[in-house]
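Trainee: So that we are looking at the same thing, I have put the structure below in structure tokens.
What follows draws every value from the coordinates through simple rules; no lab data is involved. Because the structure is predicted, anything quoted here is derived from the model rather than measured. Here the Cβ is made from the backbone with ideal geometry for all residues, glycine too, and neighbour counts use every protein chain on show.
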2 protein chains.
Amino acid sequence: MNEYYLQKAVAELPRLIETTVTPAVESKTLFRGDRIIIDLGDHYVGYFSFRMNWVDLYVDAPVRLYVKFCETKRELEDDFAAYQGRLCASWLQEEVINVDFPGEYRMPRRYAARYIEITVKSTPKRFVLSDFAFRAVTSGDVSAVASPVIANDRLREIDRVAVNTLKNCMQRVFEDGPKRDRRLWTGDLRLEALANYYTFRNDGLVRRCLYLFAATEPNDKGFFPGFLYEDPVFVSGSWYLMDYALLLVVSLCDYYRHTGDRETFLDLYPAAKSQMEAAARAVDGEGILSIPNGCDAFIDWCPDLRKGIALHGVYLYTLDLLAGVLQELSHADAEMCFTRLESAKTAAFEHLHNKEENRFVSPRDGDQYSVHSAVWMILGGVVDGKEGVRILHDALKSADSLKPVTPYMHHYVIEAMFKLGLAEEAMDYLRDYWGAMVDLSADTFFEAFIPGQPDFSPYGDRMINSMCHAWSCTPSYFIRRYACR
Amino acid sequence: MNEYYLQKAVAELPRLIETTVTPAVESKTLFRGDRIIIDLGDHYVGYFSFRMNWVDLYVDAPVRLYVKFCETKRELEDDFAAYQGRLCASWLQEEVINVDFPGEYRMPRRYAARYIEITVKSTPKRFVLSDFAFRAVTSGDVSAVASPVIANDRLREIDRVAVNTLKNCMQRVFEDGPKRDRRLWTGDLRLEALANYYTFRNDGLVRRCLYLFAATEPNDKGFFPGFLYEDPVFVSGSWYLMDYALLLVVSLCDYYRHTGDRETFLDLYPAAKSQMEAAARAVDGEGILSIPNGCDAFIDWCPDLRKGIALHGVYLYTLDLLAGVLQELSHADAEMCFTRLESAKTAAFEHLHNKEENRFVSPRDGDQYSVHSAVWMILGGVVDGKEGVRILHDALKSADSLKPVTPYMHHYVIEAMFKLGLAEEAMDYLRDYWGAMVDLSADTFFEAFIPGQPDFSPYGDRMINSMCHAWSCTPSYFIRRYACR
């Protein structure tokens with residue numbers, strides 16, 4: 001753990017902005033078996049309280065309530081007891097509480113919800129619940145978000161939901177999702193930070209998150225973990241995702257590009273450089289970044305995805321960005337970056353590109369064909385222009401290619417389209433994919449989404465999916481950066 | 001509500017004495033399905049906390065625990081889900097909690113327990129629980145309790161358990177039971193106060209409780225309720241038990257007898273007098289106290305008990321005590337009390353005594369024969385001497401008499417024995433009855449107990465019984481008052 005970086009991060013702990021949401025629910029008189037649903041009117045993250053009082057006679061025993069917090073309306077009908085997924089069931093937002101006395105009851109834990117269901121398990125008498133209040137918290141100041149005129153209704157709605165998604169993930173750190181995991185991930189941070197530069201402009205929060213990662217303990221190969229915890233104690237994560245480690249470097253470059261804060265860039269550059277050195281050490285004899293023991297790559301939650309080509313693309317993408325920044329700063333490492341970039345690019349074309357099929361498939365990835373590989377080769381600059389367009393379209397349209405399943409990966413598809421000059425196609429793609437979530441009445445965008453497959457989950461059970469997930473917030477970045485109206 | 005009396009009560013809010021109990025349990029490494037039992041070594045009332053930490057890897061999801069608080073070892077094996085009793089199930093001391101982070105976790109509610117069972121419902125990783133602590137609270141200062149030499153082992157043990165019972169029921173008020181009901185009842189107060197005068201001597205707490213009752217709202221017949229709540233708000237109870245209303249007067253007389261505090265007696269006398277006047281109005285044409293609509297009597301939890309004779313006995317007992325105190329204070333009402341006492345006694349012998357059987361049975365009670373009727377006629381002074389002894393023995397030994405089922409009623413059996421001069425028999429009776437609970441490893445005495453019937457409950461399910469119930473604490477009163485060794 002790097003104490004210097006950690007103290008820098010601690011010093012930037014953000015102030016949480018609190019807003020008390022009082023839903024339009026009158027007081028309710030309840031008895032055993034009764035069930036009420038409180039609609040907050042939008043998705044929020046925070047703390048729930050209510051008042052309990054008696055009706056005819058004092059309630060002379062604790063009242064036992066089952067309280068369920070739902071991010072979407074559909075969850076209201078879910079039976080959490082039937083959960084069969086791989087992730088820990090206690091992420092499901094449900095509580096059994098015993099309320100001892102009349103008066104105000106404040107539930108101590110933080111929840112992410114639009115709907116709150118309360119079911120009366122036991123009570124000796126009728127009672128009244130009232131004064132429902134949800135104290136919403138965020139480190140995103142909505143008053144700082146510009147309101148550009150977006151003529152297209154669908155884009156305007158997508159932008160609104162994306163901003164809301166980011167807002168609810170902005171807490172002490174950029175969380176991945178406020179319902180589940182609730183922690184800082186490098187890959188998520190990169191996308192949240194991008195959207196932040198065009199919306200909330202809480203650049204201090206980005207800086208804090210960069211310092212937090214720089215403070216983590218690298219593994220024996222030199223890579224920082226893909227995630228970390230910082231509350232109540234600072235703990236390095238235990239999953240070493242090489243693409244995420246590289247995206248930390250990308251995030252630092254993005255930060256410099258959007259803030260011009262040279263001092264912070266240089267302060268953190270040693271941490272970034274350590275990741276580039278670790279990557280350079282993992283480049284194999286053919287010049288391709290390989291995945292050593294104890295390391296992994298993420299890329300997407302697409303089942304059975306082979307990640308070698310895409311990971312190498314992330315490496316190229318990172319080298320490219322970093323080389324540009326270092327050159328601008330006249331930093332001595334710029335040349336080395338360019339050198340590595342060129343040789344890694346040459347190796348990619350030689351070893352990751354199938355000449356006969358003219359596709360990015362390789363025995364290294366079991367000859368698997370995927371949108372992911374194509375996108376990252378384009379973003380890595382291995383192909384461009386018309387060739388790049390052809391390769392991207394082929395991958396997207398081919399029946400036998402693996403397709404993205406998360407808004408996270410879809411972001412990079414769109415980024416590739418913009419890189420190839422396909423601005424209009426990018427916005428159509430964005431409208432189709434994120435718009436399909438809006439059609440499902442999304443108040444925030446989801447962690448994983450395949451149109452037409454409402455039960456898809458990376459975890460074996462849809463109930464555990466996070467329905468407000470930061471990596472899905474980048475429509476606001478694209479819409480605002482490229483002034484798409 | 002009488003604001004003057006209430007303010008007097010509020011002013012006497014006791015300081016709670018806190019003692020942190022740290023059970024001899026090492027830290028435990030746990031995973032899904034694991035179950036541990038923490039033995040506090042004795043019965044306590046208070047607040048439970050522990051620390052949670054990770055073992056190999058940070059615990060990256062909330063940990064869901066089922067926590068069960070048991071007053072006795074037997075409860076550990078009880079399945080609360082199978083509860084079928086009449087009282088509200090949420091009195092059962094169980095919680096499902098979600099612990100978000102490593103660190104200290106303080107459960108917010110108060111429990112009464114010797115044993116705490118923790119079962120792991122879900123966790124993503126192994127974790128450690130440690131630093132188990134139970135912050136016990138009581139308004140009974142054990143350092144104020146004398147330790148008389150009691151040579152008899154059994155009596156010494158009974159005294160110890162009785163003092164413990166009283167201690168754990170002494171909170172903001174004299175509670176009936178710290179697990180269930182947790183409130184102030186007149187009948188319970190009378191016995192707790194008696195034991196208090198010979199042990200903790202927290203006479204301020206007695207005074208506070210007397211004032212609280214004097215502040216309650218009487219019903220349309222003029223009787224104060226049998227119980228009240230005072231935290232977080234003062235609320236009069238809704239069950240009007242005439243014997244309990246009279247025992248409030250008895251408690252005030254006891255208070256004066258044990259403290260000599262004439263000022264408080266006279267301050268509260270108007271409230272006491274209002275109960276005597278209400279009772280006088282309920283005396284029927286034959287001179288017997290009857291139960292008007294909207295009123296009730298308690299006497300004991302004995303099923304199907306008819307309570308007319310016993311209630312009249314309580315009336316006589318109260319008149320007798322009050323007349324004595326008023327006479328001593330040269331109060332003008334003394335004479336009226338004596339007059340009422342004599343006429344009520346005459347009426348009792350005439351209408352509640354069956355001359356042929358020479359028993360206290362009456363068509364008013366459906367000719368039901370019970371120990372309760374006999375005891376209260378003796379305590380009311382309707383019979384005494386050898387005749388009283390014969391009547392008591394007949395009721396106790398007869399196969400067709402109803403017998404007491406609570407330590408509360410057994411107290412009055414013993415009080416009657418002492419009144420009849422049967423000190424030795426009283427102590428044998430006490431040793432047999434309370435000793436049988438000690439044989440069941442009682443740390444505190446129970447709410448209801450019939451030797452040989454371990455499943456007896458007044459509420460349809462033993463699981464809801466209170467196993468630390470104040471009205472069972474009077475062995476200490478008898479042992480210490482009569483110096484039984």
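Trainee: With a cap of 14 neighbouring Cβ atoms within 10 Å, and only residues DSSP puts in a loop, list the chymotrypsin sites (Phe, Trp or Tyr not before Pro) found in segment B:384-485. Intermediate values should be presented prior to the final figure.
Mentor: Details: sites: B:408, B:412, B:418, B:429, B:433, B:434, B:445, B:446, B:449, B:456, B:459, B:471, B:477, B:478, B:482; in loops: B:445, B:446, B:449, B:456, B:459, B:482.
Answer in residue order: B:482.
Trainee: Sequence neighbours fewer than 8 away in the same chain don't count; with that in mind, list the aspartates and glutamates whose C-alpha is under 16 Å from residue A:345.
Mentor: A:284, A:286, A:320, A:335, A:384, A:387
Trainee: For the pair residue A:239 and residue A:481, what calculated FRET efficiency results from E = 1/(1 + (r/R0)^6), where r is the Cβ-Cβ distance and R0 = 35 Å, to the nearest 0.05? Could you put the intermediate results ahead of the total?
Mentor: On the way: r = 31 Å, r/R0 = 0.88.
That gives a FRET efficiency of 0.70.
Trainee: Among chain A residues, which Cβ is nearest the axis of the A-onto-B rotation, and at how many Å?
Mentor: A:96, 2
Trainee: In segment A:353-409, what GluC sites (Glu not before Pro) fall in a loop by DSSP, with at most 11 other Cβ atoms inside 10 Å?
Mentor: Details: sites: A:356, A:357, A:387; in loops: A:356, A:357.
The qualifying sites are A:356, A:357.
Trainee: Net charge near residue A:47: determine it from the other residues with C-beta under 10 Å of the C-beta of residue A:47, scoring Lys and Arg +1 and Asp and Glu -1. Could you put the intermediate results ahead of the total?
Mentor: Details: positive: A:106, A:109, A:110, A:135; negative: A:18.
Spelling it out: positives minus negatives among the neighbours equals +3.
Trainee: Let me ask something else. What Kirkwood Rh does segment B:35-152 have if only Cα atoms enter the pairwise 1/r average? Answer in Å. Walk me through the numbers on the way to the answer.
Mentor: Values: mean 1/r = 0.0617 Å⁻¹.
Averaging 1/r across every pair of different Cα atoms and inverting gives 16.2 Å.
Trainee: In nm, one decimal, shortest first: how far is the label point of residue A:146 (7 Å from Cα along Cα to beta carbon) from the matching points in the other copies?
Mentor: 8.6
Trainee: Related question: Considering every residue in B:54-63, what mean count of other chain Cβ atoms within 10 Å of its Cβ is obtained?
Mentor: Details: counts 2, 0, 1, 3, 9, 3, 12, 8, 9, 2.
The mean count of partner-chain Cβ atoms within 10 Å per residue comes to 5.
Trainee: Right, another one. Charges on Cβ only, +1 for Lys and Arg, -1 for Asp and Glu, centred on the Cα centroid of chain A; of A:229, A:404, A:148, which one is farthest towards the dipole's positive end?
Mentor: Comparing the listed Cα positions along the dipole, A:148 ranks first.
Trainee: Given axes a ≥ b ≥ c from the Cα gyration tensor, I'd like to know whether segment A:127-231 is rounded (a/c under 1.5), prolate (a/b larger than b/c) or oblate. Walk me through the numbers before you get to the answer.
Mentor: On the way: a/c = 2.40, a/b = 1.35, b/c = 1.77.
Oblate is the answer for segment A:127-231, as a/c is 1.5 or above yet b/c matches or exceeds a/b.
Trainee: Let me ask another. Put a dot 7 Å past each Cα toward the Cβ at residue A:333 and residue B:106; how far apart are the dots in nm?
Mentor: My value for the distance between the label points is 4.7 nm.
Trainee: What is the log10 of I(q)/I(0) for chain A, computed with the Debye formula using one identical point scatterer on each Cα and no solvent, at q = 0.06 Å⁻¹?
Mentor: So the normalised log intensities work out to -0.29.
Trainee: Still on this structure, I have one more. How many percent of DSSP beta bridges within chain B run antiparallel, rounded to 5? Mind showing how you got there, number by number?
Mentor: Details: 48 of 50 bridges.
Around 95 percent antiparallel, to the nearest 5.
Trainee: For the protein assembly as shown, give the magnitude of the charge dipole about the Cα centre (Cβ charges: +1 Lys/Arg, -1 Asp/Glu; no others), in debye to the nearest 20. Present the calculation step by step, with values, prior to reporting the outcome.
Mentor: Values: 108 positive and 138 negative charges, 117 e Å.
Its charge dipole is roughly 560 debye.
Trainee: Need one value for B:227-236: mean number of C-beta atoms belonging to other chains within 10 Å of its residues' C-beta atoms. Intermediate values should be presented prior to the final figure.
Mentor: On the way: counts 2, 1, 5, 0, 3, 5, 6, 0, 5, 1.
Averaged over the peptide's residues, the number is 3.
Trainee: Leaving out same-chain residues fewer than 8 places away, which lysines sit with a Cα under 24 Å from that of residue B:28?
Mentor: B:68, B:73, B:121, B:125
Trainee: Let me have the 222 nm mean residue ellipticity of the protein assembly as shown computed from DSSP H runs of 4+ only, each contributing -39500 (n - 2.57), with the sum over all residues rounded to the nearest 500. Numbers along the way, then the final one.
Mentor: Working: 26 runs with 370 residues, N = 970.
Roughly -12500 deg cm²/dmol at 222 nm, from the helical runs in the protein assembly as shown.
Trainee: Now, a different point. Leaving out same-chain residues fewer than 8 places away, which aspartates and glutamates sit with a Cα under 13 Å from that of residue A:307?
Mentor: Partners found: A:243, A:296, A:365, A:367.
Trainee: While we're here: Over chain A, what is the relative contact order in whole percent, taking alpha-carbon pairs under 8 Å and six or more residues apart?
Mentor: Relative contact order comes out at 18 percent.
Trainee: Just to check, using Stokes-Einstein with a Kirkwood Rh over alpha carbon pairs, what's the diffusion coefficient of the protein assembly as shown at 20 °C and 1.002 mPa s in µm²/s? Show your work: numbers first, answer last.
Mentor: Details: Rh = 32.9 Å.
In µm²/s, the coefficient rounds to 65.
Trainee: Give the average, rounded to an integer, of partner chain Cβ atoms located within 10 angstrom of each Cβ in B:123-130. Working shown, then result.
Mentor: Working: counts 3, 6, 2, 0, 0, 0, 0, 0.
That average works out to 1.
Trainee: For segment A:1-87, state which GluC sites (Glu not before Pro) are in a DSSP loop and have at most 14 other beta carbons lying within 10 Å of their beta carbon. Don't skip to the end; give the middle numbers.
Mentor: On the way: sites: A:3, A:12, A:18, A:26, A:71, A:75, A:77; in loops: A:12, A:26, A:71.
The qualifying sites are A:26.
Trainee: Would you mind ranking B:314, A:149, B:438 so that the residue whose beta carbon has the fewest other beta carbons within 10 Å leads the list? Before the final figure, lay out the partial values.
Mentor: Working: B:314 28, A:149 6, B:438 17.
Least to most surrounded, the residues fall as A:149, B:438, B:314.
Trainee: Please list 3J(HN,Hα) in residue order for segment A:280-289, calculated via the Karplus relation 6.51 cos²θ - 1.76 cosθ + 1.60 where θ = phi - 60°; whole Hz, with x for glycine and proline.
Mentor: 4, 5, 8, 6, 8, x, 8, x, 9, 5
Trainee: What share of the DSSP beta bridges in the protein assembly as shown is antiparallel, in percent to the nearest 5?
Mentor: Numbers: 97 of 101 bridges.
Roughly 95 percent of the DSSP beta bridges within the protein assembly as shown come out antiparallel.
Trainee: Right, next: For segment B:17-138, what's the relative contact order in percent, using C-alpha pairs closer than 8 Å and at least 6 residues apart? Don't skip to the answer; put the middle values down first.
Mentor: Values: 282 pairs, mean separation 65.8, N = 122.
Contact order relative to length: 54 percent.
Trainee: Mind putting a number on the dipole of segment B:102-256 about its Cα centre? Charges go on the C-beta only, +1 for Lys and Arg and -1 for Asp and Glu, and I need it in Debye to the nearest 20. It would help to have the intermediate numbers written out before the result.
Mentor: Values: 22 positive and 19 negative charges, 155 e Å.
Here the size comes out at about 740 debye.
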